[in-house]
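Asks: One structure, pasted below without further comment.
The values are calculated or read from the model by the stated rules, or taken from the named source; none is laboratory data. A quick note: this is a predicted structure, and the numbers were derived from the prediction, not measured. Neighbour counts run over all protein chains shown; Cβ positions are idealised from the backbone, glycine included. Protein only, heavy atoms only, side chains kept; ligands, DNA and RNA dropped before computing areas. Shrake-Rupley method; radii C 1.70, N 1.55, O 1.52, S 1.80 Å.
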Amino acid sequence: IIGASYAIFLKSISLRRLCMFVFIGAVTFTILKFGRSRDINQVEQGNIFERGYTNYKNHENDVGFTDELALSVRIQYRALDVVPDKHPYLYGITFVTGTLSAIPFATSTFMNTFNIPEEYVATTTFFTYLGQGKNPTSGEGSEILGDIYVNFGLYLTFVIMILFGYVTSIVYVNALQMKFNYIIILILLTGVSIYWN
C-alpha cells in the first residue's frame with residue numbers, strides 16, 4: 001500500500017529501486033522461512049529473525065533467495081497432473097468459500113448445508129490434501145494459476161487472467177489521472193496482491 005501510494009502521489013519507482021526492494025524482500029522472507037517453528041521449545045531461543053538468521057547460517061546447502069518462488073511451480077504441476085483426469089474440477093467452490101469467509105460463519109454454514117468435504121474449503125487445503133492425504137504435517141501452499149485451473153479449467157484460466165490484466169490496466173491508468181475511486185481500488189489491489197497466492 002505504501003509503495004502504490006508513493007508511486008501514485010509522489011513519483012514512479014525506478015526499476016533499479018524496485019529490484020532492490022525485491023531483493024530485500026527475498027532476503028527477509030528467506031530468513032523468516034528459516035525462523036518459523038512448530039516446536040514451542042525453539043520459540044524460547046529468540047525471535048523469528050534471530051532463529052532464522054542462525055538457522056540460515058547453519059544450513060548446510062546453499063540457499064537461493066528465489067528457492068521458494070521456484071518451488072511454487074510444483075503446485076501448477078500437481079494441478080495439471082491431477083485435475084481433471086484423477087479428480088474433477090472444483091467449479092469455483094474454493095472461490096465461493098473464500099468470498100464467504102468475509103462473513104462470520106458463512107463458510108462453515110455453506111459447507112455444512114451442501115455437504116462439501118473439508119479439503120475443498122480453500123485451494124491451499126486442496127493441494128495439501130492431494131500431496132499429503134487426510135493427515136498433513138504442513139501446508140503445501142498454493143498458486144493463483146493453479147487455483148484458477150483446478151476450479152475452471154485451462155481455457156477459463158486464460159480468459160480470467162486476460163480480463164484481470166485488462167481491469168487492472170484500466171484501474172492503473174485512471175488512478176494516474178487522480179480519479180479517487182480508482183486510486184482506492186488500486187491501493188486495495190496492491191494491498192491484497194501479497195495475500196493472493
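Asks: Just to be sure I understand, how many residues within region 152-172 are hydroxyl-bearing (Ser, Thr, Tyr), in contact with a helix residue (DSSP H, G or I) (Cβ under 9 Å, 6 or more places away or on another chain) and open to solvent by less than 80 Å² (accessible area, probe 1.4 Å)? Steps first, please.
Replies: Of the residues in region 152-172, the ones hydroxyl-bearing (Ser, Thr, Tyr) are 155, 157, 166, 168-169, 172.
Adding the requirement that they be in contact with a helix residue (DSSP H, G or I) (Cβ under 9 Å, 6 or more places away or on another chain) leaves 157, 168, 172.
This time we only want the ones that are open to solvent by less than 80 Å² (accessible area, probe 1.4 Å), so: 157, 168.
Within region 152-172, residues that are hydroxyl-bearing (Ser, Thr, Tyr), in contact with a helix residue (DSSP H, G or I) (Cβ under 9 Å, 6 or more places away or on another chain) and open to solvent by less than 80 Å² (accessible area, probe 1.4 Å) number 2.
Asks: Given the structure, is VAL63 at pLDDT below 80, open to solvent by less than 100 Å² (accessible area, probe 1.4 Å) and farther than 27 Å from PHE127 by Cβ?
Replies: In short, no.
Asks: Then there's this: Looking at region 16-46, which of the residues that are closer than 16 Å to HIS59 by Cβ and among the hydroxyl-bearing types (Ser, Thr, Tyr) is modelled with the lowest pLDDT?
Replies: Going through the qualifying residues, I end up with SER37.
Asks: Right, something else. Looking only at region 83-99, filter to residues that are part of a loop (DSSP other than H, G, I, E, B) and touching a residue at least 12 places away in the same chain (Cβ under 8 Å); which one of those is most open to solvent (accessible area, probe 1.4 Å)?
Replies: The qualifying residue most open to solvent (accessible area, probe 1.4 Å) is TYR91.
Asks: Can you confirm whether SER138 is of a type in the set (Gly, Ala, Ser) and either surrounded by 12 or more Cβ atoms within 10 Å (Cβ to Cβ) or closer than 30 Å to ILE8 by Cα (or both)?
Replies: Taking the combined requirement at face value, the residue does not satisfy it.
Asks: Yes or no: ALA175 surrounded by 16 or more Cβ atoms within 10 Å (Cβ to Cβ) and either among the aliphatic types (A, V, I, L, M) or within 30 Å of SER12 (Cβ to Cβ) (or both)?
Replies: yes
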